[in-house]
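Taking it in order: structure first as structure tokens, then the write-up.
The values are calculated or read from the model by the stated rules, or taken from the named source; none is laboratory data. Treat the numbers as computed from the prediction; the structure is a model and nothing was measured. Counting neighbours? That spans all protein chains shown, and the Cβs are built from the backbone with ideal geometry, glycine included. SASA here: full protein model, heavy atoms, side chains in, ligands and nucleic acids out. Shrake-Rupley method; radii C 1.70, N 1.55, O 1.52, S 1.80 Å.
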Amino acid sequence: DPYITSYVLFGLLRARDAGVQVNQDQIQRAIEYLGGSVGAYATSTSALSKMFVRLAKIFNPSTRRGGGGGGSWSYDGQVFQEFVLAQSGAGSLERVLSIYQSADILAQLNPWGQALLALTLETLSPGSAEATTLFSELQTNAVRSATGAHWEFLSNPDALRAAQHDMRHGPGAAAERG
């Protein structure tokens, strides 16, 4: 399952980087599996994958609209898979650029997916215009407060426009419109 394998490989890479002895054959098998399963998120049907998707829907409201056969969560998963492959040294700039250049996919990535895409692009092509653009958009879309910043994700274009209007015109703007 590419969803689980991505997380396992990410953990193995972090453990190796921290000095823990990790079997390189396990890392290589995971890289080979993920390299051959790029794009498989939308069709993943394993019970473990379905369980993680259900948990993601509970704990991350932005994934609720995805369903079992695609949607934003699967695009975010594809970006995470590419991020992990790039971290392992087996990333493909061509695949990552195709994600970036797909307006349909890019529009459905939540802020986490956008940030991972930017980091992946920066890893594979340091200083690229695409990574710089994504970093800039993330900074622009951050909702800042006295205690930090967060990002909101609205997939419905009408809801997004309304939220942006409310942010520009103050908290009472939505109530005044009725």
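Between Phe135 and Arg14, the simple label model (points 7 Å from Cα in the Cβ direction) yields a spacing of 2.2 nm. Against the criterion of solvent-accessible heavy-atom surface with a 1.4 angstrom probe, Glu122, Glu152 sort, most first, into Glu152, Glu122.
Karplus-based coupling profile of the stretch 75-82, in residue order and whole Hz: 5, 4, x, 4, 5, 4, 4, 5, with θ = phi - 60° in 6.51 cos²θ - 1.76 cosθ + 1.60 and x standing for Gly or Pro. Contact order for the stretch 83-132, expressed relative to its length and based on alpha carbon pairs under 8 Å spaced 6+ residues apart, stands at 39 percent.
Counting charges near Ala115 (Lys, Arg +1; Asp, Glu -1) among other residues having Cβ under 12 Å from its Cβ returns a value of -3.
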